[in-house]
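*Asks:* My questions will all concern the structure given below.
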Amino acid sequence: MRRLTIALAAAVFAVGGLGASAASAASPRTPRVGGDQPPFPYADCIKAAKNNGESAAHAKWHCDELVKKGWVKRPKS
């Protein structure tokens with residue numbers, strides 16, 4: 001019975017993996033042109049963070065973390 005359970009789990013895992021890879025292959029990534037898509041400007045990030053009640057230091061930290069993730073463009077020095 002245990003072998004059947006393991007075999008069933010492996011089959012479900014394999015089918016799920018194939019479905020996920022087929023879905024990602026069906027929709028190729030295209031560059032986005034709009035200004036409402038990431039990466040966002042650093043100044044807009046700081047402004048939005050301050051508008052949400054963050055202190056200046058926390059807003060800078062928060063936006064720096066988003067730069068690391070690629071959601072915000074690096075600030076111009």
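All of the numbers you see were taken from the coordinates with simple rules; none came from a lab. The shown structure was predicted, so the numbers you read here are calculated from the model rather than taken from an experiment. Methodologically, a virtual Cβ is constructed for each residue, glycine included, from the backbone with ideal geometry; neighbour enumeration extends over all protein chains shown.
*Asks:* Using a cut-off of 14 Å between beta-carbons, work out the net charge of the residues near ARG74 (Lys and Arg +1, Asp and Glu -1, ARG74 not included).
*Replies:* +2
*Asks:* Which length gain, in nm to one decimal place, applies between ASN51 and TRP71 when the Cα-Cα distance is subtracted from 0.36 nm times their residue separation?
*Replies:* Roughly 5.4 nm would be gained on extension.
*Asks:* Next question, about the same structure. Can you tally the net charge around ASP44? Count Lys and Arg as +1, Asp and Glu as -1, for every other residue whose Cβ sits under 15 Å from the Cβ of ASP44.
*Replies:* +3
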